[in-house]
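Student: Dumping the structure here so I can ask a few things about it.
What follows is calculated from the coordinates using simple rules that are stated; it is not laboratory data. The structure displayed is predicted, hence computed values, not measured ones. Heads up, the Cβs are rebuilt from the backbone with ideal geometry, glycines too, and the neighbour counts pull from every protein chain shown.
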Amino acid sequence: MRILMISDVYFPRINGVSTSIQTFRRGLRAAGHETILIAPEYPGAAPDSDTGILRVPSREVPRDPEDRAMKLGAIRALRPQLERLEPDLVHIQTPFIAHYQGTALARALRVPVIESYHTYFEEYLHHYVPLLPRAVMRFVARRFTVSQCNVLDALVVPSRAMEQALLDYGVQCPMHIIPTGMEMERFAGGDGQRFRAQLGIAPGQPVLVHVGRIAHEKNIEFLFRMFANVVRSKPGAVFVVAGEGPALASCKEYVRSLGLSQHVRFVGYLSRERELLDCYRAGDLFVFSSKTETQGLVLLEAMALGIPVVSTAHMGTADIVNPQRGAQVAPDDEGEFANIVVQLLHDAPRRAAMSAEARVYAATWSAAAMADRLAGLYSAVVGQASRNSPVSQPV
């Protein structure tokens, strides 16, 4: 089967959508399926070694220096090439230009179209359009989502919570829960002591780690307030924050206002092949508190490397942490969250047991199994479209 994917983001832009696309494409390739990905060009990026990626000229996105907007004419110019490739299905990955151009391509190519719902926009847009009341932005996000989803042949969602939220909105498109899987073989290394040494952290110092985009919707300010409580009990504790994003400058200022500058290390984006693994492995605990994650891949990555997780349980993260296998669910209270962290920092045997359990649990989220489920959905949607085609109807 040949699948045409289209996304408004992809590497070198690092986020959960890029990771999900890459993971599924690898799994689909291993299972004998071909994917062609349309994605934006990024200035200064190295050429792709993957011949299955079609880069589209792009422009800057106002107020969002990390992202790029694909040029519409350049996508339309690809149509003759795509017609020759004869894809069986279009899989849209993001709801912006990619959604509208992806549905247009599917109509032009006369193939079915599905979309992955990666982002919980209801709790996202108000951070970027602050002049409008939050209730207004929530209404806009819901109507926007329903109008997009109901033109699709199927929708892929990463968690039960996201499926229920979309049902509550009024989405009628058939939904299928297929989370992004874990490529366990890629999370088997890492040198935490090397990473600590690079940051000047002594081997015995307690270290908390957080990995993710530094954005207001990630609720990271909660973690800084929580960590202030940890430092009162553990004055030598260090909090390593990996990632970049639009809230980075304000987060650094917030850390200064809390008097935590000597304890919090912002380390920016890290190479997924080595530096990021080292960063995870440097932690005694991985902490997380986002309320907007549709899945929470970083939790599974930490667990795959044997780092116990302490996290709140909202949206997609609930599916990962609620079994409490290698993870401890914490409440939405900075003091109580900090108490759990401090107790675990004092209890090395329990952390060791959680570490072993975390590795076993992360392996149950197999990338190969999730790719097989996605391929099965592709076959079902293509088969249904074929049966509904006027050409296939008896005369």
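Student: According to the square roots a ≥ b ≥ c of the eigenvalues of the Cα gyration tensor, what is the shape class of segment 194-255, taking rounded for a/c under 1.5, prolate for a/b larger than b/c otherwise, and oblate for the remainder?
Tutor: oblate
Student: Restricting things to alpha carbons, find the Rg to Rh ratio for the chain using the Kirkwood radius for Rh.
Tutor: For the chain, the value is 0.98.
Student: Sticking with this one: Over the chain, what is the relative contact order in percent, taking alpha-carbon pairs closer than 8 angstrom and at least six residues apart? Don't skip to the end; give the middle numbers.
Tutor: On the way: 721 pairs, mean separation 60.9, N = 395.
It rounds to 15 percent for the chain.
Student: When only DSSP loop residues count, what trypsin sites (Lys or Arg not before Pro) in segment 167-253 have their Cβ near at most 11 other Cβ atoms within 10 Å?
Tutor: Numbers: sites: R186, R194, R196, R213, K218, R225, R232, K252; in loops: R213.
Counting only loop positions with at most 11 other Cβ atoms within 10 Å, none of the trypsin sites (Lys or Arg not before Pro) in segment 167-253 qualifies.
Student: Suppose each label sits 7 Å from its Cα in the direction of the beta carbon; what would the R138-N322 distance come out to in nanometres?
Tutor: 2.1 nm
Student: Select from segment 31-64 those trypsin sites (Lys or Arg not before Pro) which occupy a DSSP coil region and have at most 13 other Cβ atoms within 10 Å, ordered by residue number.
Tutor: Listed in order of number, the matching sites are R63.
Student: Report the Cα-based extents of segment 184-363 along its three principal axes, largest first, to the nearest Å.
Tutor: Largest to smallest, the principal-axis extents are 40, 34, 32 Å.
Student: Listing V61, V341, V240 from the residue with the fewest other Cβ atoms within 10 Å to the one with the most, what is the order?
Tutor: Fewest-to-most Cβ neighbours within 10 Å comes out as V61, V240, V341.
Student: Counting pairs of alpha carbon atoms under 8 Å apart in space and at least six apart in sequence, what relative contact order in percent does segment 184-363 give?
Tutor: Relative contact order comes out at 26 percent.
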